[in-house]
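Encoded as structure tokens, the structure appears first; notes follow it.
The values are calculated or read from the model by the stated rules, or taken from the named source; none is laboratory data. For clarity, every value in this text was computed on a predicted model and none was experimentally measured. Note that we place each Cβ from the backbone using ideal geometry, even for glycine, and neighbour counts take in every protein chain shown. Each accessible area value is taken on the protein alone, full model and side chains, heavy atoms only, with ligands, DNA and RNA left out. Shrake-Rupley method; radii C 1.70, N 1.55, O 1.52, S 1.80 Å.
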Amino acid sequence: GYFVVGILGVNQEPTNHALRDISALKTDLEKWGRKLVLLFPNQEQAGKYHAADFPDLPNTVIYGIDTEDIAQHKDTLPIFIIADTFNRVVFVSQGYTIGLGEQLMKTVKGL
């Protein structure tokens, strides 16, 4: 099945903007029912994140740490990917993006 992976830049405006965009489509993303895996570059960054700052994220969000160093290019955070369990990537967004939530849903509806 499909899923979303996001690598976050904690307390950075591009990430905050992306999370607000995703929050705006909470209902649609919850209806889709797939996981949104949000990863932090490391444990230190995870400790700086406050989920209470983004109370309207979908209930399908799970958090983790980027143990594979996907975020090695930290100047391009956040990174969002829609992929499937066969490792096929159907959507990629890096850095500051307007309307990320809408772009994610447009891709999801086309699957």
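List of remarks:
- Share of carbon and sulfur in the accessible area of segment 33-103 stands at 51%, probe radius 1.4 Å.
- Considering only 55, 41, 14, the mean-square fluctuation computed in a Gaussian network model of the chain, springs between alpha carbons under 10 angstrom, is largest for 55.
- Net charge dipole, segment 8-88: roughly 240 debye, given to the nearest 20, about the Cα centre with Cβ charges of +1 for Lys and Arg and -1 for Asp and Glu.
- Spherically averaged projected area in nm², based on the convex hull that wraps the Cα atoms of the chain: 6.3
- Counting lysine pairs in the chain whose alpha carbons fall under 20 angstrom apart, excluding pairs fewer than 8 residues apart on the same chain, gives 8.
- Around residue 47: net Lys/Arg minus Asp/Glu count, Cβ-Cβ under 15 Å: -2
- Most mobile of 54, 80, 40 in a GNM of the chain (Cα contacts under 10 Å): 54
- Rounded to whole numbers, the Karplus 3J(HN,Hα) couplings from phi for segment 20-30 are 5, 4, 5, 4, 5, 10, 3, 4, 5, 5, 5 Hz, using 6.51 cos²θ - 1.76 cosθ + 1.60 with θ = phi - 60°, and x at Gly and Pro.
- Taking every protein chain into account, the accessible area of the chain amounts to 56 square angstrom per residue (probe 1.4 Å).
- Ranked packing of 17-23, 84-90, 64-70, 27-33, most packed first, by mean Cβ within 10 Å: 17-23, 27-33, 64-70, 84-90
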